[in-house]
1. Assess whether Leu92 counts as being open to solvent by 10 Å² or more (accessible area, probe 1.4 Å) and at pLDDT 70 or above.
2. For segment 1-58, enumerate the residues that are part of a loop (DSSP other than H, G, I, E, B), at pLDDT below 90 and charged (D, E, K, R).
3. Which members of segment 2-12 meet the condition of being of a type outside the set (Gly, Ala, Ser) and surrounded by 18 or more Cβ atoms within 10 Å (Cβ to Cβ)?
4. Can you tell me which residue in segment 70-89 is modelled with the highest pLDDT, limited to those that are open to solvent by 20 Å² or more (accessible area, probe 1.4 Å) and either closer than 30 Å to Lys25 by Cα or of a type in the set (A, V, I, L, M, F, W, C) (or both)?
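The values are calculated or read from the model by the stated rules, or taken from the named source; none is laboratory data. Fair warning: this is a prediction, and the values are worked out from it, not measured in the lab. Positions of Cβ are backbone-derived with ideal geometry, glycine not excepted, and every protein chain shown enters the neighbour counts. Protein only, heavy atoms only, side chains kept; ligands, DNA and RNA dropped before computing areas. Shrake-Rupley method; radii C 1.70, N 1.55, O 1.52, S 1.80 Å.
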Amino acid sequence: MMYTSYRVNGISNAVTGVVFTPSGKVPRDGWPLISWAHGTVGIADQCAPSTAGRSQRDINYLKEWLAAGYAIAATDYEGLGWTFEHPYENGLSEARSVIDIARAAPQVDPTIGRRWMAVGQSQG
């Protein structure tokens with residue numbers, strides 16, 4: 001998916017990411033969401049997890065969260081997989097990417113509810 005977020009300078013831009021939803025019956029209030037802040041993968045566009053693939057460790061995380069009944073919004077962060085430079089380890093940029101994908105995810109899949117939390121490791 002592509003969604004609107006804001007660069008470190010406050011100018012809006014497009015950021016890429018992926019939304020995953022569990023299988024099974026949708027809860028009455030929709031799937032609770034994990035907005036996942038992935039660890040360090042590199043700073044070049046081809047390092048974006050949405051296109052480069054994921055490590056086995058990350059796949060294990062995703063499978064466990066889906067099995068537990070969480071939808072997942074997985075941002076690539078500002079600049080990975082897109083036209084702008086990736087501001088590696090810039091907390092404001094990463095926070096905006098994580099928050100804004102959580103806001104955009106229900107537009108991609110309306111079975112996602114309003115409750116969400118952020119989870120991350122390493123860079124995230």
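1. Against the criterion (open to solvent by 10 Å² or more (accessible area, probe 1.4 Å) and at pLDDT 70 or above), Leu92 does not qualify.
2. The answer is Arg7, Arg54.
3. Of everything in segment 2-12, those that are of a type outside the set (Gly, Ala, Ser) and surrounded by 18 or more Cβ atoms within 10 Å (Cβ to Cβ) turn out to be Tyr3, Arg7.
4. For segment 70-89, the residue satisfying everything is Tyr70.
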